[in-house]
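Below: the structure, in structure tokens.
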């Protein structure tokens, strides 16, 4: 059916196909009449895009179609939309995708690497994820799904060399200090991150329909819309249980401190945490806690390192959702530290035993000397 309501939702969703492409999403409407009207509008947009796509496709049309069919369904859809908008401006809305060559890819990458107004240049990883990878995804879909002609581009030549991801582990004291500085609501989300190693968007996107208290498991949606189910520790179970009556859909929420009509916030009411809000909360809490060189993503590193010390790399791989265990080996330093500490302990023990034996030997020789006299 064109519009329907999920069992766990107050608003209607839509789902339809047009010329082989599937269009779906949430209408945001609570009545069926409004939802059907919204769905018809989406059909008209899809139809217009399909008609425009019948001939050579421009960057504007391609990005619009990619957003409708793929991008809006990403967990981090706001970031996807921002990156697509930047690409449209950098390449030119009316540029035909068939004309995009390797030199054009290099040009937009160079432009993206320029310093911002504060003189800060984006990292290689940021450039890869905000320019090269989304542009490759759009052009690949254009060729594979929309039957468009695109130039052959060696994408590996354009991916920037990324620095090996650091592994910053918080000490127990640092974690406690950060938690003390976080406002209520945000503290639960960060505590959950320390306990599970989940990414920020996985935490913000967690809904009660994905939490199973009976089997003590929860399911998150990670990169590439891939889901994974994680068993709850008792600490995680208690944390989630304490939040169960705060919001009917989202797990992690905060209480509005004031009424803000433009943002539709009412003082005292609970609302889902946002990416911007969680970033700001951590950015303020960390320096106030006296902790340096620590970012939200480091909670993931902390959780992984702690779990590795109590288990093995395969367990950490499953926890973090790494497809390749090679990605998980960056946490092997935790095992190295344990081995080093064990070897140091053995060395100390051997030295102590040798010293004791040496003392005993000297005493025995003195005793034998007295007897011979």
Residues in segment 250-262 that are touching a residue at least 60 places away in the same chain (Cβ under 8 Å) and either within 19 Å of residue 76 (Cα to Cα) or part of a helix (DSSP H, G or I) (or both) total 2
Taking segment 181-202 and keeping residues touching a residue at least 24 places away in the same chain (Cβ under 8 Å), under 18 Å from residue 284 (Cβ atoms) and part of a helix (DSSP H, G or I) leaves 181, 186, 188, 189, 190, 191, 193, 194, 200
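I need the full set of residues from segment 170-180 which are outside any helix (DSSP H, G or I) and surrounded by 19 or more Cβ atoms within 10 Å (Cβ to Cβ), in order please.
Of everything in segment 170-180, just one residue is outside any helix (DSSP H, G or I) and surrounded by 19 or more Cβ atoms within 10 Å (Cβ to Cβ), namely 170.
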Mind listing whichever residues of segment 228-239 are in contact (Cβ under 8 Å) with a residue 24 or more places away in the chain and part of a strand (DSSP E or B)?
228, 230
Within segment 203-221, residues in a strand (DSSP E or B) and within 18 Å of residue 189 (Cβ to Cβ) come out as 207, 211, 218, 219, 220, 221
Among the numbered criteria (1) over 25 Å from residue 133 (Cα atoms); (2) in a helix (DSSP H, G or I); (3) within 26 Å of the chain's Cα centre (by Cα), which single criterion is violated by residue 80?
(1)
If a residue must be without any contact (Cβ under 8 Å) to a residue 24 or more places away in the chain and in a loop (DSSP other than H, G, I, E, B), how many such residues does segment 122-165 contain?
3
Return a yes/no flag: does segment 32-55 have any residue that is part of a loop (DSSP other than H, G, I, E, B), closer than 30 Å to residue 154 by Cβ and touching a residue at least 24 places away in the same chain (Cβ under 8 Å).
yes
Quick check on this structure: which one of 210, 166, 191 is under 22 Å from the mean Cα position of the chain (by Cα), surrounded by fewer than 17 Cβ atoms within 10 Å (Cβ to Cβ) and over 26 Å from residue 124 (Cβ atoms)?
210
Residue check for residue 342: more than 18 Å from residue 231 (Cβ to Cβ), modelled with pLDDT under 75 and in contact with a helix residue (DSSP H, G or I) (Cβ under 6 Å, 6 or more places away or on another chain):
no
Give me the residue from segment 136-148 that is touching a helix residue (DSSP H, G or I) at 6+ places or on another chain (Cβ under 6 Å) and crowded, with 19+ Cβ neighbours inside 10 Å and, out of that set, nearest to residue 104 (Cα to Cα).
138
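Here's the yes/no breakdown for (1) in contact with a helix residue (DSSP H, G or I) (Cβ under 8 Å, 6 or more places away or on another chain); (2) part of a helix (DSSP H, G or I):
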position	(1), (2)
241	no, yes
248	yes, no
268	no, no
271	no, no
287	no, yes
293	no, no
299	yes, yes
Conditions: (1) under 23 Å from residue 9 (Cα atoms); (2) modelled with pLDDT under 95; (3) assigned to a helix (DSSP H, G or I). Residue 224 meets all but one. Number of the miss?
(1)
Do you know which residues across segment 83-98 are surrounded by 15 or more Cβ atoms within 10 Å (Cβ to Cβ) and either in a helix (DSSP H, G or I) or in contact (Cβ under 8 Å) with a residue 40 or more places away in the chain (or both)?
83, 84, 86, 87, 88, 90, 91, 96, 97, 98
Check on residue 277, farther than 14 Å from residue 206 by Cα, touching a helix residue (DSSP H, G or I) at 6+ places or on another chain (Cβ under 7 Å) and assigned by TED's automatic domain parsing to the domain that holds residue 188:
no
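The values are calculated or read from the model by the stated rules, or taken from the named source; none is laboratory data. Just so it is clear, the structure is predicted and the values come from calculations on it, not from any experiment. Methodologically, a virtual Cβ is constructed for each residue, glycine included, from the backbone with ideal geometry; neighbour enumeration extends over all protein chains shown.
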